[in-house]
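Q: What follows is a single structure, and I will ask about it in a moment.
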Amino acid sequence: MIVMQTEGAWPVAPHLDRAVLSTAGGIPFGMLAERAVEKDILVRYYNRLASLPVDRNSPDTSPLDPGLRELLAAMPRRLARKAAGALRLPQREDRYYYRTFDLEGPGWRSARMEIEARREAAHALFEPDVLREQLPAPGEPWPPGNRLRVSLGIRLLMGSVALVSEGSSPGPART
């Protein structure tokens, strides 16, 4: 069971190794907030990696360990953001990716309504039960799980169903 839990990625099972448990237990609780320990390890031991831009699902892509050039270049942007906030001017949404890729958002709900008319034609390409399980009808709940993380496959499936035309004959192969 331990081998299955580690999936070959850990040299020891972290939840059973006393050295790992004592090390983890010795980390101050405040250092666990916002991944401070991980960031510190990257900056100390993997500086070249820490100097790369980070996609945080926000407009801020600054590296964990920015150099002087990056800090100086970012100063006008930070000042402009603070001034815009103080003046209550509209700013870019920090959760842009979540809004864009949320399958419950208005855009994807509209897409589901559009492709629902092509569901019957899609049965020529996809097993109906599997299609219904992976792509429920509008108004029905999605399968449990992190939809944001697995939405690429669902969006590809939605696109495939959307491309199916009523008169097409895809042949005998089904997936």
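Q: Give, as a single signed number, the net charge of other residues whose beta carbon lies under 12 Å from the beta carbon of A162, with Lys and Arg counted +1 and Asp and Glu -1.
A: Values: positive: R112, R118, R119, R155; negative: E114, E116.
Here the count lands on +2.
Q: I need the peptides 138-144, 95-101 ranked by packing, meaning the mean over residues of other C-beta atoms within 10 angstrom, with the highest value on top.
A: On the way: 138-144: 9.7, 95-101: 13.1.
Ranking, from highest mean packing down: 95-101, 138-144.
Q: Please give the contour-minus-distance gain from L68 to L152: 0.36 nm per residue of separation, less the Cα-Cα distance, rounded to one decimal in nm.
A: That pair, L68 and L152, stretches by 26.5 nm at full extension.
Q: Only Lys, Arg, Asp and Glu count, each charged at its Cβ (+1, +1, -1, -1), so figure out the dipole size of segment 97-163 about its Cα centre, rounded to 20 debye. Please report the intermediate quantities before stating the final value.
A: Details: 9 positive and 9 negative charges, 57 e Å.
In total the dipole reaches around 280 debye.
Q: Please sort 116-126, 38-48, 24-34 by packing, taking for each peptide the average over its residues of neighbouring beta carbons within 10 angstrom, highest first. Display every interim value, and only then the final one.
A: Details: 116-126: 15.3, 38-48: 12.5, 24-34: 9.5.
Ranked from most to least packed, the peptides come out as 116-126, 38-48, 24-34.
Q: Then there's this: If packing is taken as the mean number of other Cβ atoms within 10 Å per residue, what is the order of 154-162, 66-74, highest first? All intermediate terms of the calculation are to be shown ahead of the outcome.
A: Values: 154-162: 15.9, 66-74: 11.1.
Packing proxy ranking, top to bottom: 154-162, 66-74.
Q: Applying 1/(1 + (r/R0)^6) with R0 = 25 Å to the Cβ-Cβ distance of Y98 and W142, what FRET efficiency is obtained, to the nearest 0.05? Show your work: numbers first, answer last.
A: Details: r = 15 Å, r/R0 = 0.61.
The value I calculate is 0.95.
Q: Let me check I've understood the local charge: for A137, count other residues with C-beta under 15 angstrom from its C-beta, Lys and Arg +1, Asp and Glu -1. What total comes out? Please list the in-between numbers first.
A: On the way: positive: R109, R112, R118, R119, R132; negative: E104, E114, E116, E120, D129, E133, E140.
So the environment of A137 carries a net charge of -2.
Q: Continuing with this model, one more query. Using the Karplus equation 6.51 cos²θ - 1.76 cosθ + 1.60 (θ = phi - 60°), what ³J(HN,Hα) coupling, rounded to whole Hz, does each residue of segment 128-133 give in order, writing x for Gly and Pro?
A: x, 5, 5, 4, 5, 5
We did not get these values from a lab; they are worked out from the coordinates using the rules stated. Nothing here was measured: the structure is a model prediction, and the numbers come from that model. Every residue, glycine among them, receives a Cβ derived from its backbone with ideal geometry; neighbour counts consider all protein chains shown.
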